[in-house]
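Input: a single structure, listed below in structure tokens.
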Amino acid sequence: MRITREALAGTLESSDVLVRVNPAGTLKLDVKSSVMGQFGDDIRRVVTDQLDRMGVTEGLVAACRGPCCAAPTRPNPIGVRCERAQHGGPPT
Amino acid sequence: MTASVTDELRSGLRLGVLPVTGEPARLREVRDLLAANDLLIDEDVEFFVTAHLGPELVACVGLAGSVIKCLSAAASVQGQGVAAPLMQRMFYEAVDRGRGTLFAFTKPCNRLTLESLGFTFLAEVPGAAVLLENSPFALELYLDELRALREPGDRVGAVVLHANPFTLGHLHLLRIAAKQVDVLHVFVVAEHAPGAFPAEVRLRLVREGVADAGIANIRVHRGSRYIVSRATFPNYFLAKEDTRAQAAAGLDLQLFRRHIGPALGVTDRFVGTEPLSAVTASYNVEMRRWLQEAPSDSPPIRVHEVPRVYLDGGPVSASRVRAALEAGDEETVARLVPAPTLAHLRSRFVSDRQEQ
């Protein structure tokens, strides 16, 4: 599957992730997080697994986990975000 | 999306969108907040995302084309995570308008905050301005395109032209520059300025003019958002002269020295002397400073200022051509431009006459 249009999903709130996708001839993934040292690998793996599940082979995927702030934590929504970004969905 | 749309956040922060054509009272609030941070509303800003806490405007950020600017927060909320919801809302507003990949032009003190929100650093003029981009891929992909255009040579030259339109003055500059290098890369500014010849026309006339002159070692390329664009050099397009012109030119030139130049192997950059426009003249001074003299991890790029050619006591310039066009003085135009430019302009003269 190819990413065919620019789209955005998710939030920069704590424990969430903002995913931006763009069309491209290759598949590139970038993960940014203020907690990269602790969770960078985990976030990357969740995003990679989700892209694999969806069969995405071409496109740019940038995931940014927002800076930590005092807000209630939520179940890990990264997979959901990736899926919504691909379909251009609004933030949930 | 209307100006009245707001989101109630957990923190009590109210986000909204305010077009610059919006209510004067609300714009005054924005103006006051910017003034408290020594900023003005740039004339190219289209709308602001605003954040209120109770009745007070505590933060705002503007969008001009694909450039986020005028980011400002009240002292009372600084360091309290207001930037994340503000910027997130701006990302959605921009993507709704078909602009996903955005630059941020702001004060250096905002750099770390923006990096924590997913921005990638591009360039900084210490104490003045910093330029970032919200894509970790965009610049690198562009540099890959440039690397594919690289050609061997000990001396590789570069010229950036607006060419509005391409004149005998530009051609003179390219001819002098091409003689001194193995290959000369010419970038034609891609950004469209109001009232200017369209980018496609400017690019075509440079290509045709160079081909017509038979200069074999010149490669003409379309510019990009990283070369004299609204983001890298906003003052060029705002046509105003203030202290930030220098800062903005420094951003553009550092991008050239660190990224664009090395991608193509550029050793020398050429520019015409600028007797008439203060903005361009200051850009030339800054060019020598940032490309050649300033300390940098990237090798210096030699800057050559090539004297303008004069005709009838004045420099041959695109602005002179435009003035002659305006006055309907076809004879003067014909003496200032190469044949392909003249052919294009003649077709305009003809269609103007037909309209009359």
Original post:
Do we find that B:Ala158 is more than 14 Å from chain A (Cβ to nearest Cβ) and modelled with pLDDT under 95 in this structure?
Top reply: no
Subject >> Hits in the stretch B:177-194 - residues which are surrounded by fewer than 17 Cβ atoms within 10 Å (Cβ to Cβ), touching a strand residue (DSSP E or B) at 6+ places or on another chain (Cβ under 9 Å) and assigned to a helix (DSSP H, G or I) >> reply: none
Original post:
Among the residues of the stretch B:195-227 satisfying the criterion of being in a helix (DSSP H, G or I) and among the small types (Gly, Ala, Ser), which is farthest from B:Ile68 (Cα to Cα)?
Top reply: B:Ala213
Original post:
Out of (1) crowded, with 18+ Cβ neighbours inside 10 Å; (2) under 23 Å from the mean Cα position of the chain (by Cα); (3) not aliphatic (A, V, I, L, M), what's the single condition that is false for B:Gly81?
Top reply: (2)
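Here's the yes/no breakdown for (1) at pLDDT below 95; (2) touching a Gly at 6+ places or on another chain (Cβ under 9 Å):
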| site | (1), (2) |
| --- | --- |
| B:Ala216 | no, no |
| B:Thr232 | yes, no |
| B:Tyr236 | yes, no |
| B:Ala247 | yes, yes |
**OP:** Quick one: count up the residues across the stretch B:301-346 that are surrounded by 17 or more Cβ atoms within 10 Å (Cβ to Cβ), small (Gly, Ala, Ser) and in a loop (DSSP other than H, G, I, E, B).
**Re:** 1
**OP:** Quick one: count up the residues across the stretch B:71-115 that are among the hydroxyl-bearing types (Ser, Thr, Tyr) and at pLDDT below 90.
**Re:** 1
**OP:** Within the stretch A:2-16, work out how many residues are more than 10 Å from chain B (Cβ to nearest Cβ) and either part of a strand (DSSP E or B) or free of Cβ contacts under 8 Å to residues at least 60 places away in the same chain (or both).
**Re:** 2
Original post:
Restricting the search to the stretch B:252-268, which residues are in contact with a Pro (Cβ under 9 Å, 6 or more places away or on another chain) and either in a helix (DSSP H, G or I) or under 15 Å from B:Leu149 (Cβ atoms) (or both)?
Top reply: B:Arg257, B:Gly261, B:Pro262, B:Gly265
**OP:** Kindly indicate the residue of the stretch B:90-117 that is buried (at least 23 other Cβ atoms within 10 Å of the Cβ) and in contact (Cβ under 8 Å) with a residue 60 or more places away in the chain and also nearest to the other protein chains (Cβ to nearest Cβ) among those meeting that condition.
**Re:** B:Phe103
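The values are calculated or read from the model by the stated rules, or taken from the named source; none is laboratory data. Just so we're clear, the structure is a prediction, and the values are computed from it rather than from any experiment. Here the Cβ is made from the backbone with ideal geometry for all residues, glycine too, and neighbour counts use every protein chain on show.
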